[in-house]
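First the structure, in the form of structure tokens, and then the observations on it.
Laboratory data are not the source of any read-out in this text; all were calculated from the coordinates shown. These figures come from a predicted structure and were not determined experimentally. Glycine also receives a Cβ, built like all others from the backbone with ideal geometry; neighbour counts cover every protein chain displayed.
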Amino acid sequence: MRKYLLTLFCTLLSIYSQAALIKGHVTDNTGQPLPYATIFIKGTTNGTTTNAAGQFQLELSAGNYTIVCQYIGFKKKEINIQVAEATQQLNFSMEPTNMQIKEVVIKAGAEDPAYAIIRQAIKKRSFYQQQVKEYTCTSYIKGTIGLQNVPGKLFGQKVDKSEIGVDSTGKGMVFLSESLTKVYARQPDDLKLEVISSRKSGGGLGFDFPTFISFYDNNVQAIMTQMGPRGFISPISENALKFYRYKLTGTFIDDGKTVNKIEVIPRRKNEPLFAGSIFITDDDWRIYSVDLQLTSDYQLDILDTLRIRQTHVEVTPAIWRIKDQVLHIAFKKLGFAMSGNFVNVYSNYNVNPQLGNKFFNNVVIKYDSTYNKQPHGYWDSIRPVPLEPEEVKDYHEKDSAADANRKAALTPRHIDSLQKAQKPVSVMNILWSGINRRYYFARDSSVKFNQLHIKALPPALKYNTVEGLALALESSYFINAGKNKSLVINPDIRYGLSNTHLNASTGIDFYKDSRVAGKWGRDQWSIAGGKRIVQFNQDNPINNLMNEFYTLVLKENYMKLYENWFGSLRYTRRFQTNSRLSLLAWYEDRIPVENTTDFVFFKNDNKSFTPNHPAELSNIPFYRHKALMASATFSFQPGQKYMEMPDRKVSLGSKYPTFTVQYTKGIPNIANSIVDYDKWRVSVNDNMNFKLFGEFKYHVTIGGFINSNNVQIPDLQHFNGNRTFFNDKYLNSFQLAPYYQYSTSAPFYAMANVEHHFNGLLTNKIPGINKMKWNLVIGSNAFYVNKDNNYIEAFAGLENIFKVIRVDVVAGYQSQSATQVGVRVGLGGIIGGMLKSAIP
């Protein structure tokens, strides 16, 4: 045994002694560092990239190598090296490329020589796009984001710089991560990523997904859709000559090949276009490298600047691939100034991996079981891009702080300090954000918390003609009930000062992650009961704020209400496939209520409030009665893709529509229930992104009553009308329709909501509007019950006004009345879409 151990030790020692670390700097001929230069072993795609300070490191076994250094705008340099020592120094001093301009006489009206080169590149574009049918490679990513400035206040509230992780001057690194990923790809769109290891400063998930930006594609996606929903036109796309001007700024020779540097110049602002330089080789007309930039002037959203630098290298004599890619981002808004870099280093290309027909499946991203458990020494051994001093410091400080917090977390003193560190309740909490209080405790070797939330005062004050001013206390209490379990208690108390009615109810939701047939999902059990006041249409077609404005200011009471004692029980299962099953049973003792006040801010004798009973349904009486109902709803979206974590799969969505099927039964003769009906509904909805041509959204529904023996007003099929200037239910409403005029119990109905968002198309050519990035949206909403009960409206509008607002001009044709035209305002745009859920 001793002999075998000695042999093994000697073998390991021999292997270790043959490994060497090559370190060095890359500078220009004046000694200035060249950031993100490409370093690789000649004849391979194995190598590294310099960091922002021009430093690099490369681990090699003993032997003779030719190390190549390549940097845009500089002559490629090769150095032969014999690797023997454990650590060796290798520096590169790069000379600027001697750009030569061929003497070309450009006559009046003649074009720059760059156009002939670009035309050749366009002809070869699809060949290079499809040249490699499948491949594998390894991707290392390092991402950093730093803040250069933080405002003292944001929306009137003081910004706590220590919570963000910056110093008192507003400067500091707020994000640092690195990852190593194995990439598998096959034409046209099969992709699988295996995250081998991932690390984020201070803990958590980093930026683990390689960003594949191919300028051989006609339409280039820049990191994520939100930065440019139309995508961006490649400088060598099929129609590039319509969008760009080109200028040949020089040529140079590399390994016997002539490389052309071509300046890419957008013809017009406000189009999704790049600017910068693209390098194209002669004869084979392939991309040699790119240095291109997107800005907010060219339909880049969220960020101000995105710069993309790529270096392509030879994998085989006929095939070149991206060796490294550097993304530089910059953002300056609302007093924040931020910039960052994401360095992608690709290596170990295999362009003929023979992966097999069944290799690709619905798992797109898979994390190794030890992806986040690697020691620091592991990262030092595999990292191709050296850390910079501030990055070393950030890792050390944040990892040490996280480790110290974990060790100290369970002590009573630490938990008490967390509790006391909460800020006292402020006026802004009461008037705007609501009151949040956390209650910390220790469990399972970590600190957990329960949380109380009380809604802010303005949403809690309500006014309608039934209750008058209603005082409401709306709260929720979140309880951490153990691993993958939680409990939420929602008590609501509401008192109407005019009708003196007290309504109080409580809902309890229990959530638990669990496995069904070995697959993860989430179960939710909900029980609720008490007394409440609700709208006849339980889709709540008019929100409280709009109702209050129209009632108090314009003397128009659109909200129609009834009270009920109720009890409900619901079970919901969200499957791993993102499908949802919901089973609900509920009982109501329905009580009619009447108007009890006519108070308004401005008296108007020409107007009077309408009765609380919907005027359009005056022929249907509403008396106190009891109703027992049950429903089943199932929604699913086929073709789901997944991210596979060590313990579960997480749905990433699908390119297919979402289908929903629902059946509801009114059950008579149980607990004095009088309702007796059966109704069904099937719907399909989807968002379809056509890139340059915009995004098309639709929601189509069919349904009806199989049995309508006893259908009360709350049970009818209501179509969400709107009589106010504000609309927040796009794709689920009719912007000019009355609220209850078309309510029905017919055996069949159909409705459709469609809209097309141009996302800058057309409006980018209108002066003034294009600078403000207001975007055109058009669409139509319609439903059909029968020849006497139908409605259609068409609209055109502008959205993304101040990033928040959408304004539509709508023309609605109703079967029983003349065509109407109106204007509707809502939330639409980058920020507006995020705010929709905040409407009370």
Cα Rg over Rh - region 22-132, Kirkwood: 1.13
Let me see the P(r) profile for region 675-840: every Cα-Cα distance counted, bins of 10 Å, each bin given as a percent of all pairs. 10, 35, 32, 17, 5, 1
Kindly provide the helix-only [θ] at 222 nm of the chain, computed as the sum of -39,500 (n - 2.57) over DSSP H runs of four or more divided by all residues, to the nearest 500 deg cm²/dmol? -3500 deg cm²/dmol
When the Kirkwood radius is taken over all Cα pairs of region 230-381, what Stokes-Einstein diffusion coefficient follows at 37 °C and 0.692 mPa s, in µm²/s? 176
Please give the charge dipole size of region 338-489, origin at the Cα centre, charges +1 on K and R Cβ atoms and -1 on D and E Cβ atoms. Round to the nearest 20 debye. 660
Among residues other than residue 679 whose Cβ falls under 13 Å from its Cβ, what is the net charge (Lys/Arg +1, Asp/Glu -1)? -1
Can you list which of the trypsin sites (Lys or Arg not before Pro) found in region 480-559 are DSSP loop residues with at most 10 other C-beta atoms within 10 Å? 483
Semi-axes of the equivalent ellipsoid for region 183-297, please: Cα gyration tensor eigenvalues, times 5, square-rooted, ordered largest first, whole Å. 29, 20, 15
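Only sites in a loop by DSSP and with at most 13 other Cβ atoms within 10 Å count here; which chymotrypsin sites (Phe, Trp or Tyr not before Pro) in region 333-424 make the cut?
Qualifying residues, ordered by number: 359.
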Can you tell me how region 193-259 classifies by the Cα gyration tensor, rounded, prolate or oblate, using a/c under 1.5 as the rounded cut? oblate
In the neighborhood of residue 387, defined by Cβ-to-Cβ distances under 12 Å, what is the net charge if each Lys or Arg adds +1 and each Asp or Glu adds -1? -2
Along the positive direction of the dipole of the chain (beta-carbon charges: Lys, Arg +1; Asp, Glu -1; about the Cα centre), which of 232, 173, 63 reaches farthest? 63
A student applying the Cα gyration tensor rule (rounded when a/c is under 1.5; otherwise prolate if a/b is larger than b/c, oblate if not) would label region 114-400 oblate
For region 651-736, alpha-carbon Rg over 2.2 N^0.38 Å: 1.48
Taking Lys and Arg as +1 and Asp and Glu as -1, residues besides residue 131 with C-beta under 12 Å from its C-beta add up to +3
When DSSP assigns beta bridges and you keep just the ones with both residues in the chain, what percent turn out antiparallel, to the nearest 5? 95
